[in-house]
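The values are calculated or read from the model by the stated rules, or taken from the named source; none is laboratory data. Remember, predicted model here, so these are calculated numbers, not experimental data. Here the Cβ is made from the backbone with ideal geometry for all residues, glycine too, and neighbour counts use every protein chain on show.
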Amino acid sequence: MNKCIFLDRDGVLNRERGDYTYKKEDFELIQGVVEAVKKIKENGFIIIVITNQAGISRGRYDRQDMEACHEYLQKKCGGIFDAIYYCPYHPSITTSIARKPDTLMFEKAIAKFNVDVNKSWMVGDKERDIIPANKLGIKTVLIDDKEPETIADFTSISLYKAVQDVIL
Ligand SMILES: [Mg+2]
């Protein structure tokens with residue numbers, strides 16, 4: 001079985017802009033991310049990104065825009081991500097149990113990549129990233145620079161710090 005680090009995208013890998021990020025020009029990697037994902041891989045984890053992309057069903061951008069951002073992300077990080085799962089749906093248009101805080105994207109990844117949840121982690125910046133992982137028995141780190149109320153096992157200020165201080 002594989003141990004896996006699941007990662008949310010916006011606010012963990014790239015700067016959260018407070019709006020949908022679907023253009024390469026706006027896709028700004030957070031400091032330390034390239035080093036962090038490299039360290040994760042060197043320690044024998046696979047890495048899977050789990051991202052809500054409701055802007056697609058809301059017509060703000062299309063799958064090609066998103067794919068271009070993900071290609072850019074992979075390129076910047078040396079193709080390190082084993083998979084990127086996304087949910088294009090929004091509850092105002094189509095309900096889906098894939099969308100976080102539901103668990104389907106995680107369950108698909110766990111089945112496909114034979115993931116051992118007991119040795120795996122989820123790092124996200126919103127409670128809706130933490131909830132599904134918590135349900136599935138995956139350990140969790142919430143990225144937040146304040147001291148939020150959270151069900152996460154740990155909090156940290158960045159992916160880099162989470163990897164250094166909590167996960168490895
Ligand atoms: Mg996020």
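Using the structure shown, decide if E35 is at negative phi, more than 16 Å from the ligand (Cβ to nearest atom), in contact (Cβ under 8 Å) with a residue 60 or more places away in the chain and not basic (K, R).
yes
Here's the yes/no breakdown for (1) modelled with pLDDT under 95; (2) among the polar types (S, T, N, Q):
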| residue | (1), (2) |
| --- | --- |
| I50 | no, no |
| D65 | no, no |
| T94 | yes, yes |
| K100 | no, no |
| K126 | no, no |
| D129 | no, no |
| T140 | no, yes |
| K146 | yes, no |
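Please work out if I138 is within 11 Å of the chain's Cα centre (by Cα) and either under 15 Å from N2 (Cβ atoms) or hydrophobic (A, V, I, L, M, F, W, C) (or both).
Spelling it out, it is not the case that I138 is within 11 Å of the chain's Cα centre (by Cα) and either under 15 Å from N2 (Cβ atoms) or hydrophobic (A, V, I, L, M, F, W, C) (or both).
Using the structure shown, decide if R17 is within 21 Å of R128 (Cβ to Cβ), more than 16 Å from the ligand (Cβ to nearest atom) and charged (D, E, K, R).
Considered against the rule, which asks whether it is within 21 Å of R128 (Cβ to Cβ), more than 16 Å from the ligand (Cβ to nearest atom) and charged (D, E, K, R), R17 comes out as no.
Could you tell me which of the residues I80, I131 is touching a strand residue (DSSP E or B) at 6+ places or on another chain (Cβ under 7 Å), of a type outside the set (F, W, Y) and without any contact (Cβ under 8 Å) to a residue 60 or more places away in the chain?
Selected residue: I80, the only one of I80, I131 that is touching a strand residue (DSSP E or B) at 6+ places or on another chain (Cβ under 7 Å), of a type outside the set (F, W, Y) and without any contact (Cβ under 8 Å) to a residue 60 or more places away in the chain.
Which condition from (1) touching a helix residue (DSSP H, G or I) at 6+ places or on another chain (Cβ under 9 Å); (2) closer than 14 Å to C4 by Cβ; (3) surrounded by fewer than 20 Cβ atoms within 10 Å (Cβ to Cβ) is the one that I97 breaks?
(2)
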